[in-house]
Amino acid sequence: MQILRKTAAAAACLSLMYSAYAQESSEPINVVRHTQCVNFFETPAIRDLAAQPQEFGEEHRGQPRRSYPAEIDQENALPQNGDPARQTEYGQRSSATSWVNVAGQGGGFPPDPSGAAGPNHYVQAVNTKWRVFNLQGQPISSSFNLNSLWPGSANAGDPIVMYDDLADRWFISQFKGTGGGTPGVLIAVSQTPDPEGEYYAYEFNLSSFPDYPKYSVWSDAYYMTANSFNDNALAFDREKMIAGDPTASMIDMNFPNVANGGFRSPLPADCDGWLPPLGTPNYMVVLQDDAWSGVSNDHIKIVEMSIDWENPNNSSIAVTQQINTESFDSVFTGPWNDIEQPNSSQRLDAVAMIFYYRAQYRRWVGYNTLVLTHVVDLGGLQAGIRWYELRDNDDGIWYIYQQGTFAPDDDESRFMASAAMDDQGNIGMGYSVAGPNTSAGLRFTGRMADDPLGMMTYEEQTIIDGTGSQSGGNRYGDYAHMSVIGNRFWFTGEYLQSGNGRTRIFSFDLDGSTDVNDIFGSTIDTKVYMSDASTLTVDVNALSNDEDIVLDLFDYRGTLIEHMDIKPAQGSFKRTFNTSNLAAGVYLVRFGNKDFQEVKKVSIN
């Protein structure tokens, strides 16, 4: 059977170069490169493909591409007397509900697990396989090699899976060029909401290898950053890729020249819920440690990347903010030998000095949030997780709303984390745990939106205990990934079984939902429906009070179509939107105020 077919239009893709420049805030000027895909493919339904034997890419037999600085000036770096944001006590809340706890796919060394949840499916990818599961954790597809989506490609690895909620599409990627070929990225976008269906698959070339790529969903593009010296801030034409347009292109710039500890890996903001208005820059975040040369105090840099598909030379990337944090130590004692294991001199790589994936972005009524995590050295090879909730007041000026270092006072290290915020503003966090008496396993915690700031208030709960100790190298995890759909968190990460790397898929919620199928967990009675061919009706009951709320209608790119100010009566309201002038497609209805919000998706035909 012919697995994939290549379109003639894609074979003729041309590369376009603009000698325009991106303005940076006191940084070197960068060339803006605008390049079309070099190949485009349409796959048959994935469910029709035969399962394949697993292959491992070169990345997972070699050594890390990160450099460890020979000299880092830590003598005067802060903190000097312990982490000032440290939470040393376990949380006391005990009502978190776990739903799915199943084995994930086997992977390379390390497995690089990534996964995302949609309304009906969970898709996991590892080095170098991907698979579709239902929301009960049962695999419903074969386990396919990554290169099943791109003919002639290798199973290079470092996959990322995203569910593009606004477009109702699945995104799967991997890099290419590990074997000495042309470096670049491979991206597949599902043609329908069915992850076992057909995909549009794209191939893009780069001038340098895109190590450790990180992706995000945004209004105007899929954004990407990479651990490389150039070609490390990219935007891919989301609208064309969703439509299966073989002329889909990318805008490629160099990330501003900010300090690093030998690991260049900024993160682009990845949107959950409804998208920011079209034209909002993507916010990228990068960690800055005062132990590094040129950094005077610990902080977060905000970098804004703005693109213009009509005139790519108008695109820009710039450092726009420096947000000082409570002091932290992101530098461990040796070259990526960070986390102790039982009965072994082999230590594990904590993937330090960067933010972990994802930088989750959410829009609320009157403000927006970014949730971030990274690992910190607490001394004596013990690690903890520094986490942040950043906010802006709908003006692009970010500040730290809360921060904390989750590190209960024991001999265990917590690292390789990923965190996200649900539809109610609660934060869930999954991570690895290891120590001199603890084999590397997986645990989780969380907090409710109105809990004391800077605290993970849920008791730490075990996802799965590890057994044995890893030998043969320090690479571990490289990725963990928390996604969220409604009020249900979905986490995937690595743990050890008899010293061998394994992956896990786990879901939980923090809102007390008692129905495995109730992923949204709301007590509000909401009905959004087309009452006739040109009328969208929003019927809401069982609100907790009659405080003023807003009601908005958006398109899938985040453009505001219509706004209403609502005064509920006895916890209810009913309003309609005239849709006669709207194009067929997916739209979002959002209602709420500063204390809550709900977002509902509706298709208008």
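The values are calculated or read from the model by the stated rules, or taken from the named source; none is laboratory data. These figures come from a predicted structure and were not determined experimentally. Positions of Cβ are backbone-derived with ideal geometry, glycine not excepted, and every protein chain shown enters the neighbour counts.
Could you list, in sequence order, the residues of segment 337-363 that are assigned to a strand (DSSP E or B) and not aliphatic (A, V, I, L, M)? The answer is 360, 361, 362, 363. Consider residue 301 against the criteria (1) of a type in the set (Lys, Arg); (2) part of a strand (DSSP E or B); (3) in contact with a Ser or Thr (Cβ under 8 Å, 6 or more places away or on another chain): it satisfies all of them except one. Which criterion is unmet? In the conditions (1) of a type in the set (Lys, Arg); (2) part of a strand (DSSP E or B); (3) in contact with a Ser or Thr (Cβ under 8 Å, 6 or more places away or on another chain), residue 301 misses (3) alone.
Residues of segment 566-601 that are more than 17 Å from residue 363 (Cα to Cα), among the charged types (D, E, K, R) and in contact with a Leu (Cβ under 8 Å, 6 or more places away or on another chain): 575 alone. Could you list, in sequence order, the residues of segment 128-166 that are crowded, with 20+ Cβ neighbours inside 10 Å and either over 25 Å from residue 178 (Cβ atoms) or outside the structural domain of residue 100 (by TED's automatic domain parsing) (or both)? Correct list: 132, 133, 135, 163, 164, 165, 166. Scoring residue 77 on the criteria (1) at pLDDT below 90; (2) surrounded by fewer than 15 Cβ atoms within 10 Å (Cβ to Cβ) leaves a single failure, condition (2). The residues of segment 409-432 that are under 18 Å from residue 337 (Cβ atoms) and in a strand (DSSP E or B), listed by number, are 413, 414, 415, 416, 432.
When segment 445-484 is examined, which residues are found to be surrounded by fewer than 23 Cβ atoms within 10 Å (Cβ to Cβ) and either assigned to a strand (DSSP E or B) or among the hydroxyl-bearing types (Ser, Thr, Tyr) (or both)? Matches in segment 445-484: 457, 461, 462, 463, 464, 467, 469, 471. So how many residues does segment 124-142 have that are aliphatic (A, V, I, L, M) and either under 20 Å from residue 501 (Cβ atoms) or without any contact (Cβ under 8 Å) to a residue 12 or more places away in the chain (or both)? Adding up the residues that qualify gives 2. Per the listing 585, 571, 486, the residue uniquely in the same structural domain as residue 282 (by TED's automatic domain parsing), touching a residue at least 24 places away in the same chain (Cβ under 8 Å) and either under 26 Å from residue 421 (Cα atoms) or not hydroxyl-bearing (Ser, Thr, Tyr) (or both) is 486. Scanning segment 573-600 for residues that are under 14 Å from residue 530 (Cβ atoms) and either under 30 Å from the mean Cα position of the chain (by Cα) or buried (at least 19 other Cβ atoms within 10 Å of the Cβ) (or both) turns up 577, 579, 584, 585, 586, 587, 589, 600. For segment 180-196, state whether one or more residues are surrounded by fewer than 22 Cβ atoms within 10 Å (Cβ to Cβ), in contact with a strand residue (DSSP E or B) (Cβ under 6 Å, 6 or more places away or on another chain) and modelled with pLDDT under 95. The answer is yes, given that some residue of segment 180-196 is surrounded by fewer than 22 Cβ atoms within 10 Å (Cβ to Cβ), in contact with a strand residue (DSSP E or B) (Cβ under 6 Å, 6 or more places away or on another chain) and modelled with pLDDT under 95. Residue check: is residue 503 closer than 27 Å to residue 121 by Cβ, surrounded by 19 or more Cβ atoms within 10 Å (Cβ to Cβ), of a type in the set (Val, Ile, Thr) and modelled with pLDDT of 90 or more? Taking the combined requirement at face value, the residue satisfies it. Entry remark, segment 214-224: residues being under 18 Å from residue 258 (Cα atoms) and either over 12 Å from the mean Cα position of the chain (by Cα) or assigned to a loop (DSSP other than H, G, I, E, B) (or both) number 0 in total.
Among the residues of segment 377-427 satisfying the criterion of being more than 27 Å from residue 321 (Cα to Cα) and touching a Gly at 6+ places or on another chain (Cβ under 6 Å), which is surrounded by the fewest Cβ atoms within 10 Å (Cβ to Cβ)? Here the residue is 411. Within the bounds of segment 295-302, is there any residue that is surrounded by 24 or more Cβ atoms within 10 Å (Cβ to Cβ), of a type in the set (Lys, Arg) and either without any contact (Cβ under 8 Å) to a residue 40 or more places away in the chain or in the same structural domain as residue 204 (by TED's automatic domain parsing) (or both)? No, because not a single residue in segment 295-302 is surrounded by 24 or more Cβ atoms within 10 Å (Cβ to Cβ), of a type in the set (Lys, Arg) and either without any contact (Cβ under 8 Å) to a residue 40 or more places away in the chain or in the same structural domain as residue 204 (by TED's automatic domain parsing) (or both).
Would you point out the residue of segment 172-182, among those that are part of a loop (DSSP other than H, G, I, E, B) and touching a residue at least 40 places away in the same chain (Cβ under 8 Å), that is farthest from the chain's Cα centre (by Cα)? Top of the filtered list is 179. So which residues in segment 333-351 are crowded, with 23+ Cβ neighbours inside 10 Å and either closer than 19 Å to residue 411 by Cα or of a type in the set (Lys, Arg) (or both), if there are any at all? 338, 339, 340, 341, 348, 350 - these are the residues of segment 333-351 that are crowded, with 23+ Cβ neighbours inside 10 Å and either closer than 19 Å to residue 411 by Cα or of a type in the set (Lys, Arg) (or both).
Considering 443, 475, the condition of being out of contact with any helix residue (DSSP H, G or I) (no Cβ under 9 Å at 6 or more places or on another chain) and assigned by TED's automatic domain parsing to the domain that holds residue 123 is satisfied by 443 alone. Scanning segment 244-265 for residues that are without any contact (Cβ under 8 Å) to a residue 40 or more places away in the chain and over 18 Å from residue 359 (Cβ atoms) yields a total of 2.
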